[in-house]
1. Determine the pairs where a residue that is without any contact (Cβ under 8 Å) to a residue 60 or more places away in the chain, located within segment 327-351, has a partner that is of a type in the set (Asp, Glu) with Cβ atoms under 7 Å apart, the partner being 6 or more residues away or on another chain.
2. Going by the structure shown, is Thr179 buried (at least 16 other Cβ atoms within 10 Å of the Cβ) and over 22 Å from Thr70 (Cα atoms)?
3. Would you call Gly247 on the phi > 0 side of the Ramachandran plot and in the same structural domain as Val135 (by TED's automatic domain parsing)?
4. Go through the residues of segment 293-316 one by one and say whether even a single one is more than 24 Å from Leu225 (Cβ to Cβ), among the charged types (D, E, K, R) and in contact with a Cys (Cβ under 7 Å, 6 or more places away or on another chain).
5. Could you grab me the full set of residues in segment 322-345 that are assigned to a strand (DSSP E or B) and under 26 Å from the mean Cα position of the chain (by Cα)?
6. Return the pair list, or none, for Cβ contacts closer than 7 Å from residues in segment 353-375 that are over 13 Å from Val296 (Cα atoms) to residues that are of a type in the set (Phe, Trp, Tyr) and crowded, with 19+ Cβ neighbours inside 10 Å, at least 6 apart or on different chains.
7. Working only within segment 140-198, note down all residues that are of a type in the set (D, E, K, R), at pLDDT 95 or above and within 30 Å of Gly244 (Cβ to Cβ).
8. When only residues in segment 350-381 that are within 13 Å of Ala312 (Cα to Cα), in contact with a strand residue (DSSP E or B) (Cβ under 7 Å, 6 or more places away or on another chain) and not in a strand (DSSP E or B) count, which is modelled with the highest pLDDT?
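The values are calculated or read from the model by the stated rules, or taken from the named source; none is laboratory data. Note that the structure is a prediction, hence the values are computed from the model and not measured. Glycine gets a Cβ as well: all are built from the backbone with ideal geometry, and neighbour counts include every protein chain shown.
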Amino acid sequence: MRPLPHRINTTRGLLSALLATLALIAAALASAPAARADTQICETFGTTTVQGRYVVQNNRWGTSAAQCITVTDSGFRISRADGSVPTNGAPKSYPSVYNGCHYTNCSPGTALPARLDTISSAPTSISYSYVSDAVYNAAYDIWLDPTPRTDGVNRTEIMIWFNKVGPVQPVGSQTGTATVAGRTWQVWTGNNGGNDVLSFVAPSAISSWSFDVMDFVKQAVSRQLAANNWYLTSIQAGFEPWQGGTGLAVTSFSSEIRTGGSGGDNGGGDGTPGGRTTCAVAYATNVWSDGFTADVTIRNTGSAPVDGWKLAFTLPSGQRVANAWNATVSPSSGAVTASALTHNARIAPGGSQTFGFQGSHGGTFAAPSAFTLNGTACTTA
């Protein structure tokens, strides 16, 4: 029976090691930060912050029926959505997450409001989770105003409809289609009695996407629904439900404002870090009874190079682009954007690039009245 004491000692050693390990685990758990518990908001205009950067709001304003949202670290989910409103009117609420200012409530550390001609890019990312047993849209809102206001309703609202379920439609009427940020959209314009609304409706549901907000802002500028000396005040993403809505969720959201013009704090996608783009455009045409050609020269009158240029302008009614050279021009009518090709993407300070296109017209011919280069208004020669 000699081995018995040895086995007892071995067991005691293993037990001591196990207890020591458990003590270390307990100490680690005690010192680790507690996971953030999900927050439920049922107050009509209740809010909270996420990631120390964004505000999430319940924002129930079109009905007295109860609505609750459950806020997570990365977004929110509608956990209760009672009641309904007629589908030919306004929705019952807009639960959303935002960067910027909404009725004096500004998100922590936001760079908004920011003047449009100081913003080089505004990258953003959004992911949605949808349900089928409700009437709603998934709406991404961009708010613009002539002043850097942080309260009330702005002059122009840009809405991007990522999805819609049921017989609902944007404010106003469909006025055409457009390709923006590489996607094709139905374009709607109207006024809701308080502000102009420019809506871009996806032909099929988009569940997640990363894009540059400024691509849509430039569309508003080219349609004269904003100007480059206006301000971007808020970027919001959420849902407008008319009926139901429980289970709808924003699963992730990010928004960044990069400035590179006067007063900016970093460089940006227009190739002008530390300096503001200035430009002049010459628009020479050859016109006949039902057609025309246009030769367009863009001159960089600033002190920094412009990389990856995009020239936005609006063709007068009745004009349509048939083909183009030294640039891609899209769409073929209305508010169009001419984008550089690889070989002519840079315009050096004091330099210029030229492109052209052939088109058709009806009635009296007229040239575009205004041009913007990467969001900055140009003079015309």
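1. Ala345/Asp307
2. So Thr179 does not fit the description; no.
3. Answer is yes for this residue.
4. Checking segment 293-316: at least one residue is more than 24 Å from Leu225 (Cβ to Cβ), among the charged types (D, E, K, R) and in contact with a Cys (Cβ under 7 Å, 6 or more places away or on another chain).
5. Thr328, Val329, Ser330, Ala335, Val336, Thr337, Ala338, Ser339
6. Note: pairs meeting the criteria are Asn374/Trp309.
7. Once the filter is applied, which keeps residues that are of a type in the set (D, E, K, R), at pLDDT 95 or above and within 30 Å of Gly244 (Cβ to Cβ), segment 140-198 yields Asp141, Glu157, Lys164, Asp196.
8. Out of the qualifying residues, it is Pro368.
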